[in-house]
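Shown next, in structure tokens, is the structure this report addresses.
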Amino acid sequence: MFKNYVKIAWRNLVKSKVYSFINIIGLSVGMAVALLISLWIWDELSYNKSFKNYSHIVRVLETSVHGTETSTFRSMPIPLAAEMRTKYNQDFKFVSLSSWNFFNILSYGEKKLNKAGMFAQPDLPTILTPNMIKGTLHCIDDPTSIAINETIAKALFGDADPVNKLIKINNKNSLKVTGVFKDFPYSSEFKDVSFFAPWAYFKNENDWVKNSETQWDNNSFQIYAQLQDNFTAESVGPKIKKLLEGHDRKDKPGVLLHSMAKWHLYGEFKNGINTGGDIQFVWMFGIIGLFVLLLACINFMNLSTARSEKRAKEVGIRKAVGSQRKQLVLQFLCESVLIALIALVLALLLTLLALPSFNSLSDKHMDVMWGNAFFWLFALGFTIFTGLISGSYPALYLSSFNSVKVLKGTFKAGKLAAIPRKVLVVMQFSVSVILIIATIIVYQQIQYAKNRPIGYERNGLITVDMTTPDLYAHYAAMRQDVINSGAALNMAESSSPTTAVYSNQSGFDWPGKDANLNPTFGTIGVTHDFGKTIGWQFIDGRDFSRDYATDTAAFVINEAAVKYMGLKKPVGSIVKYLSSDRADKNYRIIGVIKDMIMESPFDPVKPTIFLMDYNWASEITIKLNPKLSSHVALAKLESVFKKYNPGSPFEYRFEDDEYANKFEAENRVSSLATFFAAFAVFISCLGLFGLASFTAEQRTKEIGVRKVLGATVFNLWRLLSKDFVVLVFLSFFIAIPVAWYAMSKWLLNYEYRTPISVWVFAVTAVGALFITIATVSFQAIKAALSNPVRSLRTE
């Protein structure tokens, strides 16, 4: 019986080639989109799961109260790790301090690499369990050791064994390679970590790290831990919540444990509470994938029920010879599953072709899991499910025909039979219109943030990391040579680049300050020439100057700081800076600059203070000479840097590119939304094309009669198009309020957000209407131009 069903299904497919083609193409595109989204969701949900201790690894977070807001951040003080390790060893198996993942120069002979890595206490590799190719997880127990990944090992040593060879770090000291590990997976938090080096070495080379060992308010480090086997972050977290209290902290600090399982998708905190994060995109794209697949299923339903009269006689005969309704339902479902299986083959091919572009759009390294049995079970189950969903309504509808009326020739589908098809068309275009509106608003939000005044001139700015002692020792001479070369207009040092704030400090006091307020300011140490180099814009006062020796005790602050401090006449005001690593000191405000966007362009600018402090310097900022091409200017700069820093490659970052990276996540969402919206519109148009084709075919005789009676091509085009236009208008009334509500909720994630303009809905409506008319018009005009004599004769 099943063989018979398949044979009949195949014959029907071959008999109606055009409609079969439309169904298969529509389903294959919908399934390909759903498969791509499924791969993306799988990658997101499996993020970090490559770590052996995944379910027991935690990151320690701190909360602190500033005014009415509670901040949550990853920066931790050194003494907390020892406190956790000694007092709560029954809860933690391992606790490890680490630096941030920052770039360092690694060299072996003439080969030099600038790679990111972490300085960590010995237990960190044990916690993360990297896949060791050589050596053990105790690879950084020795203060003179280093563990490198496979990429570095290949680049520095080729095919030679790297173990026990010496690598020079930052042109200073040599460390012995004691381990080589496989690169961390791209879908992990540590994908950019290229090496682990000992914490003891980091401490010995940096006095400020040594000094931080007793400072409970110096949040400059990270703490990772592995819980004991029978404990969870939820059970241990409350025990250590108050560990930071009682250490001369006025910001009401608290400690949180953030499980590795939540790092990637649940990384957002508001007022000390985990409010979600990127999980919203998993839900959003999952829903989009289901809707796009549903659109393809709707096409199948529409075309199958529209062509019901073509198969009415077949149903009548089958019922007359004894077929039961469930047998007819099974036959029609068999047809839809067969179409879905054919569509699956095409969908897999489309997925394979689209995956490189999709990976680029989504910043992923995904592959189709050909050898994974679960993938094939999922694909087949998903295909059968799609076939059953798309074929369910046509099967129930076709099998319900009255055999007596059919065989007498009195069966007519009737006007009410078209209502479900119209409802489905409205659903299709509602989804498409919602996606188009969402895409436009996401793009608007990005442009709105990009058009914010940034408060400085970023064109022609480059940044160089100060990683070696040569750069610190020869800075003044090097700066003079850079300017004399004509490659740059100016050059300055700072503790942060213009696109980030590396340090946030508290302990500031000023006249009129609320005694209960414990504010935190972005705090950046700069040299005299920093403002002139970046072109910051003064609204009051003056810049730092070598003409004033007192500027070593001066502040330049931004507008946000003035507003926060409530200073009516900021220039000349005295601010006391109480710092744990220096004596309390009074600073005079000498200038106020316009707010510079140094962090997220979607958030308000943070109150920021700039002071003359060379000890913090970690970045060199250079303003290129606009009269020279970038290529020529950079070549000249390289020769100067090589003169003073011969042991390191000349590596730089354009601030333009760094600023553009701040829009990376939003640009990715915009690109993916555009990608899915385009396919949704394509599938909807494919369905409209099929329905318009069938409508024109059904009304061939009517069109012939109307032409003979004098109807023009325009009259006939309007006749065949108006029903579809009405349905699209109905979809607008459904889609617009849904899209407005959904995007309003999405925009609430941003403090600096675009208003939703009426023109977005108007443009979408006009665009969707144009697409509809263009799709339907091909068949309508084709039918209107046909020879009425031929159609009347054949009909």
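Key figures
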quantity	calculated
Length gained when the stretch residue 341-residue 762 is fully extended (0.36 nm per residue, less Cα-Cα span)	147.6 nm
Separation in nanometres of the label points that stand 7 Å from Cα toward Cβ, at residue 571 and residue 111	5.7 nm
Note, ³J(HN,Hα) from phi for region 198-214, Karplus 6.51, -1.76, 1.60, rounded to Hz, x at Gly and Pro	x, 4, 4, 5, 4, 5, 5, 8, 10, 4, 5, 6, 4, 5, 7, 5, 10
Extension gain from residue 270 to residue 142, taking 0.36 nm per residue of separation minus the Cα-Cα distance	42.0 nm
For region 531-619, radius of gyration divided by Kirkwood radius, i.e. Rg to Rh on alpha-carbons	0.95
Sequence-separation-based contact order of region 149-229, relative, with Cα cut under 8 Å and 6+ spacing, percent	21 percent
Relative contact order [Cα under 8 Å, 6+ residues apart], region 566-643, whole percent	16 percent
Area projected by the alpha carbon convex hull of region 434-478, averaged over all directions, nm²	5.7 nm²
Calculated from backbone phi, Karplus (6.51, -1.76, 1.60) coupling profile of region 422-427 in Hz, x at Gly/Pro	5, 4, 5, 5, 4, 4
Cβ charges +1 (Lys, Arg) and -1 (Asp, Glu), total dipole of the chain, debye	4820 debye
Stokes-Einstein D for the chain, Kirkwood Rh over Cα pairs, 25 °C, 0.890 mPa s (µm²/s)	78 µm²/s
When each of 112/636; 203/242; 87/203; 662/745; 568/623; 93/134 is checked by Cα-Cα distance, pairs over 30 Å	568/623
Under the Karplus curve 6.51 cos²θ - 1.76 cosθ + 1.60, θ = phi - 60°, whole-Hz ³J(HN,Hα) for region 473-481, x wherever Gly or Pro sits	6, 10, 4, 4, 5, 5, 4, 5, 5
Sequence-distant residues sharing a close amide H with residue 466 (under 5 Å, placed H)	619, 620
Label-point gap, in nm, between residue 552 and residue 586 - each point 7 angstrom along Cα→Cβ	1.8 nm
P(r) histogram, all alpha-carbon pairs of region 57-181 included - 5 Å bins from 0, percent	2, 9, 17, 20, 16, 12, 10, 7, 4, 2, 1, 0
Helix axis angle, 373-398 relative to the chain longest principal axis, alpha carbon, degrees	40 degrees
For region 178-260, alpha-carbon Rg over 2.2 N^0.38 Å	1.40
Inter-probe distance in nm under a simple model that places probes 7 Å from Cα toward Cβ, at residue 600 and residue 89	4.1 nm
Candidate aspartates and glutamates - alpha carbon under 15 Å from residue 594, same-chain residues fewer than 8 apart omitted	457, 540, 543, 559
Stretchable slack from residue 53 to residue 287, in nm (0.36 nm times residue separation minus alpha-carbon distance)	81.1 nm
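None of the figures in this text is laboratory data; all of them are computed from the coordinates on show. Every value quoted in this text rests on a predicted model; they were computed, and no experiment measured them. FYI the Cβ positions are ideal-geometry reconstructions off the backbone, even for glycines, and counts take in every protein chain you see.
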